[in-house]
Amino acid sequence: MSPQWKSLDPRSLPGHLARRLQQLAVALFNQEVAELGLTPVQYSALHAICQQPGIDQKTLAQSISYDAATIGGVIDRLEARGLVLRSMSPQDRRVRLISPTDEGLRILKAVIPRVLTTQERLLEPLSAAERQELMRLMALIIEAQAELSSTPARD
């Protein structure tokens, strides 16, 4: 094996930095949102459900770039808290449609300012121009590598 690995600092690798940024984003989210009891994925799912009442599970998973096989557990937890309801599709009895409850809408309304605060805190060290550039570059990488994702976003 080449001695090159001895001089390789993981902190200089973009994948390592992306993982660390994700850790920070989740930690900030948890600080702001913990008392409302939502995880980042639960928030994303609830937000999509409130935007599209009656959305089906597969479409929900695609809309938040989440694995279709495991989105059911996220919905189960939201349903157990009384934030969403599932109903049978009139067109296909195998399909369950998901809609927000009044409590789900109330929680979403309460969480949105906290999510915005989280985003502001995450980007706080950057100037406005740097924030725009970071967002542009992240979107560029994600779009260019979309075929590698097991959970591609659906716009």
Scanning segment 93-117 for residues that are over 16 Å from ILE55 (Cβ atoms) and basic (Lys, Arg), the one surrounded by the fewest Cβ atoms within 10 Å (Cβ to Cβ) turns out to be ARG93
Scanning segment 93-104 residue by residue, those outside any helix (DSSP H, G or I) and not polar (S, T, N, Q) turn out to be ARG93, ARG94, VAL95, ARG96, LEU97, ILE98, PRO100
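So that you can scan it fast, the table gives a plain yes or no per residue for (1) in contact (Cβ under 8 Å) with a residue 40 or more places away in the chain; (2) of a type in the set (Gly, Ala, Ser); (3) surrounded by 20 or more Cβ atoms within 10 Å (Cβ to Cβ):
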residue: PRO40; (1), (2), (3): no, no, no
residue: ILE49; (1), (2), (3): yes, no, yes
residue: GLN62; (1), (2), (3): yes, no, no
residue: VAL74; (1), (2), (3): no, no, yes
Among PRO125, PRO90, PRO113, the single one that is modelled with pLDDT of 95 or more, out of contact with any helix residue (DSSP H, G or I) (no Cβ under 7 Å at 6 or more places or on another chain) and not in a helix (DSSP H, G or I) is PRO125
Apart from one, (1) of a type outside the set (A, V, I, L, M, F, W, C); (2) loosely packed, with under 15 Cβ neighbours inside 10 Å; (3) closer than 27 Å to ARG11 by Cα all hold for ARG131; the odd one out is (2)
Next on the checklist: Scan segment 136-150 and tell me whether some residue there is surrounded by 14 or more Cβ atoms within 10 Å (Cβ to Cβ), modelled with pLDDT of 95 or more and charged (D, E, K, R).
Outcome noted: no
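Table: residues versus (1) in a helix (DSSP H, G or I); (2) in contact with a helix residue (DSSP H, G or I) (Cβ under 9 Å, 6 or more places away or on another chain); (3) over 22 Å from GLN22 (Cα atoms).
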position	(1), (2), (3)
ALA48	yes, yes, no
LYS58	yes, yes, yes
LEU78	yes, yes, yes
ARG106	yes, no, yes
ARG131	yes, yes, no
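The values are calculated or read from the model by the stated rules, or taken from the named source; none is laboratory data. All of these numbers come straight from a predicted model, not from anything done at the bench. Here the Cβ is made from the backbone with ideal geometry for all residues, glycine too, and neighbour counts use every protein chain on show.
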